[in-house]
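Visitor: Here it is, the structure, as structure tokens.
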Amino acid sequence: MSSALEYWPAPPPWGWTAERDPATGAYTPTGIHHGHLAVQVPFPVEVDLDQLVK
């Protein structure tokens with residue numbers, strides 16, 4: 001299983017995550033994150049999006 005992350009610095013900062021379905025190969029959105037992003041797949045990551053634009 002793989003994941004994707006995209007970040008947009010335009011105010012307010014936000015990012016979205018997606019997960020790849022191994023059966024179909026298609027990516028499915030798993031979240032839209034505003035200000036703070038935290039995921040566990042494919043590895044734990046936590047980002048304060050607000051701090052990236054300062």
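Visitor: When you check residue 53 against the structure, is it modelled with pLDDT of 80 or more and either in contact with a strand residue (DSSP E or B) (Cβ under 9 Å, 6 or more places away or on another chain) or open to solvent by 60 Å² or more (accessible area, probe 1.4 Å) (or both), yes or no? So that I can check it myself, show each step before the final result.
Guide: Working: modelled with pLDDT of 80 or more: no; either in contact with a strand residue (DSSP E or B) (Cβ under 9 Å, 6 or more places away or on another chain) or open to solvent by 60 Å² or more (accessible area, probe 1.4 Å) (or both): yes.
Criteria not met by residue 53.
Visitor: Contact list please: Cβ distance under 7 Å, first residue in the stretch 33-54 and under 10 Å from residue 15 (Cα atoms), second residue at pLDDT below 85 and loosely packed, with under 12 Cβ neighbours inside 10 Å, pairs at least six apart or on different chains.
Guide: Correct list of pairs: 34/12; 35/12.
Visitor: For the stretch 8-23, give me each residue that is at pLDDT 80 or above and open to solvent by 70 Å² or more (accessible area, probe 1.4 Å). Break it down into steps so the answer makes sense when it comes.
Guide: Filtering the stretch 8-23 for residues at pLDDT 80 or above gives 13-23.
Those that are at pLDDT 80 or above and open to solvent by 70 Å² or more (accessible area, probe 1.4 Å): 14, 16, 20, 22, 23.
Visitor: Every residue in the stretch 24-50 that is among the β-branched types (Val, Ile, Thr) and modelled with pLDDT of 85 or more, please. Break it down into steps so the answer makes sense when it comes.
Guide: Here is the first cut: in the stretch 24-50, the residues among the β-branched types (Val, Ile, Thr) are 24, 28, 30, 32, 39, 41, 45, 47.
Residues satisfying the conditions are 24, 28, 30, 32, 39, 45, 47.
The values are calculated or read from the model by the stated rules, or taken from the named source; none is laboratory data. What you see is a predicted model; the values in this text were computed from it and never measured. Cβ: placed from backbone, ideal geometry, glycine included. Neighbour counts: every protein chain shown. The area values use the complete protein model at the heavy-atom level, side chains included, leaving out ligands, DNA and RNA. Shrake-Rupley method; radii C 1.70, N 1.55, O 1.52, S 1.80 Å.
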